[in-house]
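A short worksheet on the structure shown next.
The values are calculated or read from the model by the stated rules, or taken from the named source; none is laboratory data. Every value quoted in this text rests on a predicted model; they were computed, and no experiment measured them. Cβ sites come from the backbone with ideal geometry, for glycine too, and all protein chains shown count toward neighbours. Accessible surface is based on the protein model in full, side chains and every heavy atom, while ligands, DNA and RNA are left aside. Shrake-Rupley method; radii C 1.70, N 1.55, O 1.52, S 1.80 Å.
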Amino acid sequence: MKKTNVLLIGSGGREHAIAWKLAQSPLLDQLFIAPGNAGTNSVGTNVPINGNDFESIKLFVVEKKVHLVIVGPEEPLVRGIHDFFLNDELLKNIPVIGPQKAGAELEGSKDFAKQFMIKHGIPTGAYQTFSKDTLAEGFAFLKTLNSPYVLKADGLAAGKGVVICKTLHEAEIELTDMLANHKFGKASEMVVIEEFLDGIELSAFAITNGREYLVLPEAKDYKRIGVGDSGPNTGGMGSISPVPFAGDEFMQKVEERVIKPTVEGLRKDGIPYQGFLFFGLMNVKGDPFVIEYNVRLGDPETESIIPRIKTDLLEIFLATANGKLSTIKLETDNRTAACVMIVSGGYPGEYAKGKVISGLELANNSLVFHAGTSSIDDSIISNGGRVLAITSLADNLKTAIATSLESASQIKFENSYFRNDIGKDLIEF
Ligand code: AMP
Ligand code: GLY
């Protein structure tokens, strides 16, 4: 059997979890991660290439005879890494998991995503889009809505582009800041104003090649920095999978009303799509509504869904690329995964890097995925805001959470912090 050389692009906890899983595949030959972190280097080989440096990626892929490229984060996708491969004589037959630029617009432009959802009858909140020239119309539209007001910068704004305002006055100031004062630069040249959806949020995932799709486990993410969902938004402070309030009936609705029409909509619109679909959903009284699309897996959702997938992940990727996805039946672990993120003090604001991490060997009952780490000599040091994702699997949510918290408290670096309430709101469901 011919074995596969894989290049995985990215450097976070999501990529460590994907790399950890790929490394278990009997179909794998060599696994490279660009640029990776101290954790990915323990399950594969890191290569010091930035995911947006397509020319350097090309040289590496050709030299090392890479057979398959997996793109972790959105930025290389929105910048067109997949198109770059397809337009290059040497690379065009090397499959890329991650959509081309046209499909990546589902994440790259909120206005595009909303138009797509409305066109294909996918449940989402009512909305209108405004630019600097239609600021007055934006004010008028705000007056037709009730508090709270949801304002979204159209483009990528490093996860900060959504602002929820309590009063009409705040919303008017925010809209002016975004459109007229360029608050998020180019990203807020257009702003989507959207109906507020009152419900509980969760993340659903699928992988598709534009015709077939496979639904992956869902997860709940904890976005705020503080206990009790307080303080500023982060990339995500922890995750739980499965989600107790997303039972079979609800997930069936997600597949029928959201996943299937999204894949069909892409096909009808002639948008090729090979990669992950991430549905940011609101469960509104038992019905799913889409609040956003992403074109990649979530972080830290990946760190709790990947450990629950029993099926060979490389087999799933190869089947996606070879048009055989429908032959795969996903096997999942029925246990609950709880992921707790350890971050640098000060994150999501300013924080220090380079702090020596100790106690990693003590977390024996958990999986330790590195998010922002690097190594110097024999030490592992912090190298980002989110530093480590600690995941535990157990027969029930309570035990999974307790195990991750126990492991997290054994790992130490100066000024480290983690939320001790991840998943606790879900225990009574
Ligand atoms: P997004 O970047 O689109 O995920 O939005 C960031 C956060 O804003 C989401 O995780 C939700 O908590 C919240 N949000 C976005 N859209 C809505 C909406 N229409 N109604 C209520 N909350 C929303
Ligand atoms: N955890 C949310 C995201 O990856 O966007």
* Structure fact -> Within segment 330-347, of all residues that are farther than 21 Å from L405 by Cβ and in contact with a strand residue (DSSP E or B) (Cβ under 9 Å, 6 or more places away or on another chain), the one least open to solvent (accessible area, probe 1.4 Å) is L330
* Structure fact -> If we take segment 87-165, then strands (runs of 3 or more DSSP E) inside it with 3 or more residues that are in contact with a helix residue (DSSP H, G or I) (Cβ under 6 Å, 6 or more places away or on another chain) are 127-131, 149-153
* Given the residues E105, E137, which is the only one that is open to solvent by 30 Å² or more (accessible area, probe 1.4 Å), within 16 Å of ligand 1 (Cβ to nearest atom) and more than 14 Å from E194 (Cβ to Cβ)? -> E105
* Among the residues of segment 207-221 satisfying the criterion of being of a type in the set (A, V, I, L, M, F, W, C) and more than 15 Å from ligand 2 (Cβ to nearest atom), which is surrounded by the fewest Cβ atoms within 10 Å (Cβ to Cβ)? -> V215
* Structure fact -> Note on segment 166-182: residues part of a loop (DSSP other than H, G, I, E, B) and either at pLDDT 95 or above or open to solvent by less than 30 Å² (accessible area, probe 1.4 Å) (or both) are K166, T167
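For every residue, the table says whether it meets (1) within 16 Å of ligand 1 (Cβ to nearest atom); (2) of a type outside the set (D, E); (3) within 17 Å of the chain's Cα centre (by Cα).
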position: R296; (1), (2), (3): yes, yes, yes
position: S304; (1), (2), (3): no, yes, yes
position: E350; (1), (2), (3): no, no, no
position: S358; (1), (2), (3): no, yes, no
position: S366; (1), (2), (3): no, yes, no
position: D377; (1), (2), (3): no, no, no
position: L393; (1), (2), (3): no, yes, no
* Complete set of residues in segment 60-77 that are surrounded by fewer than 22 Cβ atoms within 10 Å (Cβ to Cβ) and under 18 Å from the mean Cα position of the chain (by Cα) -> P73, E74, E75
* **Verdict on I271 being modelled with pLDDT of 95 or more, within 16 Å of ligand 2 (Cβ to nearest atom) and surrounded by fewer than 23 Cβ atoms within 10 Å (Cβ to Cβ)** => no
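Listed here are the residues, each with its yes/no results for (1) within 14 Å of ligand 1 (Cβ to nearest atom); (2) surrounded by fewer than 22 Cβ atoms within 10 Å (Cβ to Cβ); (3) within 16 Å of I422 (Cα to Cα).
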residue	(1), (2), (3)
K223	yes, yes, yes
G238	no, no, yes
S241	no, no, yes
D248	no, yes, no
E255	no, yes, no
K260	no, yes, no
* Only one of (1) closer than 20 Å to G236 by Cβ; (2) open to solvent by 20 Å² or more (accessible area, probe 1.4 Å); (3) in contact with a helix residue (DSSP H, G or I) (Cβ under 8 Å, 6 or more places away or on another chain) fails for L297. Which number is that? -> (2)
* To do: Please work out if G323 is surrounded by fewer than 24 Cβ atoms within 10 Å (Cβ to Cβ), within 14 Å of ligand 1 (Cβ to nearest atom) and part of a loop (DSSP other than H, G, I, E, B).
  => no
* Structure fact -> In the set N37, N46, N41, N93, the lone residue that is of a type outside the set (K, R) and surrounded by fewer than 16 Cβ atoms within 10 Å (Cβ to Cβ) is N93
* Structure fact -> Of (1) surrounded by 22 or more Cβ atoms within 10 Å (Cβ to Cβ); (2) not in a loop (DSSP other than H, G, I, E, B), D425 fails just (1)
* Structure fact -> Log entry, pairs with first residue in segment 367-382 being under 16 Å from S304 (Cβ atoms) and buried (at least 17 other Cβ atoms within 10 Å of the Cβ), second being among the acidic types (D, E) and modelled with pLDDT of 95 or more, beta carbons closer than 7 Å, six or more apart or on different chains, reads F369/E303
* Structure fact -> Result of the Cβ filter at 6 Å on segment 289-307, keeping first residues that are aromatic (F, W, Y) and partners that are within 11 Å of ligand 2 (Cβ to nearest atom), at least 6 apart or interchain, is Y293/E107
